[in-house]
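Okay, so here's the structure we're looking at.
Values quoted throughout were computed directly from the atomic coordinates according to the rules given, and no laboratory measurement underlies them. Keep in mind the model is a prediction, meaning the values are calculated, not measured. We place every Cβ from the backbone using ideal geometry, glycine too, and count neighbours over all the protein chains shown.
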Amino acid sequence: MFDQRTGKTWPLLIGGEARPALSGRVFQTLNPATGAHLADVAEAGIADVDLAVASARQAFEEIWGPMRAADRGALLLRFAEVIRQHSEELTQLESLDSGKPVSAIRRQDLPAVIDTLIYYAGWADKITGTVTPARPDALTYTVREPLGVVGAIIPWNFPLMIGMWKIAPALACGCTVVLKPAEITPLTAIRLGELALEAGLPPGVLNVVPGFGKVAGQAIVDHPDIDKVTFTGSPVVGRQILQGAAGNLKRVTLELGGKSANIIFPDADIDAAVRAAGSGIFFNTGQVCSAGSRILVHESIHDEVAGKLAARAKSMRLGNPQEAGTSMGPVVSEVQMNRILTYIEIGRAEGAQLITGGARHGDQGYFIEPTVFANVRHEMRISQEEIFGPVAAVVPFKDDDDALRLANGTVYSLAAGVWTADMTRAHRFTRRLKAGTVWVNTYGPTDIRLPWGGARDSGFGREHGEEAIDNFTEPKVVWINTGPA
Ligand code: NAD
């Protein structure tokens, strides 16, 4: 169990070894529920990333790449089992470092981490090619080969879960990984690396380099011996990654932000829609790329929906994330708290109607009241820009065309929801909504078996499902002459 009093410095994990940064530098991670110092962590620099990449390259060439695929799968299953045995420890650690309520981690994050690993363990020996009869004088077929060394750069909103979304398919394909967690939530990534070794994954297969984006992250992006970068985070950094990756033409997958629309029609089950709209924006304190942050409501039911949503917001239990009854924790950092509070001020100044919340909660830690703005106009910044906090914008619309225009009217394209009893309308909306995922009469569920990702400022490429296998492999054509030489 994680013990805050041990005072140990959390290490880098390179080539199976826990080590300090070559520079000797450390940084601090804080508990967002209190603002107090949580742990010191070794701070990876460029030279540490170099070492991690060399170790990942060696493990790829000599051990993990050549290994029998079924043996790789078996090791990943063992990794899943070791994680299961350490579920409670990981839950506490994730909660202390990120502020997520333990109840949510137990219900969602940890089961998803284990499910992801088991799902991709099953893929390891089922990655096949095809025989294509291209010519009568040749046997022509494809094999899928692992890309090589993968740099995985992850954010702080779901450190364990998003980390595993990248680690599991990469490893299943035979790639090796250099993982850089976000600097404000580095602890569970380091622990995952340790547990991988405990499960018997060979040294160098999963390396962890906690550190800052501009140094360790940029070093991964710039590295000439990394074959692919898989990134989840902000559109600003996504663009920088794309530019940096041009150096050696790395493959890139970007999962960026969103400003997803959750559309409610009068013929829907209004109470169910409001319940889902509430969790769609308040789950994980709104720090979710697919948060339903714009609740588009037909004008005839706007006041009813806004009122019921405000009542749900008021019923949320903010508090110590380590207590089982807490339904909403703090946001992850002081920087994020101030950013969200600034957006709330912008909403007020723009003339949106603040019907509940709107302020910091308490004076310890980074808590923000669940906030609902009603009668928001589409052009307002709080309806266009990703706030990444517990701030709902309820936007009235007139008819179906108006709803579609508003829903598709931001720079993002990640997810959308539509609530209606009219199946013709539901199908029309699933076709016309610009989003990687469209939910009908529900909001928010995802599953590792289904592709996940977006377009435009939400990024490109898909994680999850078979698509992730394509992301970490490349087809090779074999052409065998069967005719005269
Ligand atoms: P960020 O994009 O700055 O950080 C995400 C990861 O990228 C971190 O590991 C960070 O260290 C790394 N990084 C930062 N600069 C880098 C660089 N130049 N090269 C390589 N890696 C770099 O996100 P943030 O500052 O932590 O959050 C800001 C905003 O990002 C949020 O408000 C939200 O809008 C968005 N965000 C989106 C998601 C998502 O799931 N899509 C998750 C977290 C944050």
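Tell me, what HN-Hα J-couplings in whole Hz come from the Karplus equation 6.51 cos²θ - 1.76 cosθ + 1.60 at θ = phi - 60° for each residue of region 20-35, using x for Gly and Pro?
x, 5, 4, 6, x, 6, 10, 10, 9, 10, 10, 8, x, 6, 10, x
At 0.36 nm per residue, minus the direct Cα-Cα distance, what do residue 315 and residue 137 gain on full extension? Give it in nm, one decimal, please.
The residue 315-residue 137 span can extend by a further 56.9 nm.
Rounded, prolate or oblate for the chain? Axes are the square roots of the Cα gyration tensor eigenvalues, ordered a ≥ b ≥ c, and the cut-off for rounded is a/c under 1.5.
oblate
Can you list residues from other chains, or at least 5 along the same chain, whose modelled amide H is less than 5 Å from the amide H of residue 397?
Distant-sequence amide H within range of residue 397: 297, 298, 299.
Would region 303-454 count as rounded, prolate or oblate if I go by the C-alpha gyration tensor, calling it rounded below 1.5 in a/c and otherwise prolate when a/b exceeds b/c, oblate otherwise?
Here region 303-454 falls in the prolate category.
Could you compute the FRET efficiency for residue 342 and residue 22, with r as their C-beta to C-beta distance and R0 at 41 Å, rounded to 0.05?
The pair residue 342/residue 22 has a calculated efficiency of 0.60.
If you take the square roots of the eigenvalues of the alpha-carbon gyration tensor of region 292-373 and sort them as a ≥ b ≥ c, do you get rounded (a/c under 1.5), prolate (a/b over b/c) or oblate?
In terms of gyration-tensor shape, oblate.
Work out which trypsin sites (Lys or Arg not before Pro) in the chain are exposed loop sites (DSSP not H, G, I, E or B, at most 13 other Cβ within 10 Å) and give the longest gap free of them.
Segment 69-316 is the longest.
Using a cut-off of 15 Å between beta-carbons, work out the net charge of the residues near residue 277 (Lys and Arg +1, Asp and Glu -1, residue 277 not included).
So the environment of residue 277 carries a net charge of +2.
Longest exposed-loop-site-free stretch of the chain, with GluC sites (Glu not before Pro), DSSP loop and at most 16 other Cβ within 10 Å?
1-322
Quick check on the chain: of the DSSP beta bridges with both residues there, what percent are antiparallel, nearest 5%?
Counting DSSP beta bridges with both partners in the chain, the antiparallel share is about 40 percent.
Tell me, what HN-Hα J-couplings in whole Hz come from the Karplus equation 6.51 cos²θ - 1.76 cosθ + 1.60 at θ = phi - 60° for each residue of region 180-189, using x for Gly and Pro?
10, x, 5, 5, 8, 9, x, 5, 5, 5
May I ask you to compute the full-extension gain from residue 485 to residue 327, defined as 0.36 nm times their residue separation minus their alpha-carbon distance, rounded to one decimal in nm?
Difference between extended and current length: 49.7 nm.
Can you tell me the length gained on complete extension of the stretch residue 130 to residue 442, counting 0.36 nm per residue apart and subtracting the Cα distance?
108.5 nm
Which ³J(HN,Hα) values, rounded to whole Hz and listed in residue order, are derived for region 404-416 from phi using the Karplus coefficients 6.51, -1.76 and 1.60 in 6.51 cos²θ - 1.76 cosθ + 1.60 with θ = phi - 60°, glycine and proline given as x?
Residue by residue, region 404-416 yields 5, 4, 5, 4, 8, x, 10, 7, 9, 7, 10, 8, 7 Hz.
Residue 146: net charge of surrounding residues, Cβ under 15 Å, Lys/Arg +1, Asp/Glu -1, itself excluded?
Result for the local shell: +1.
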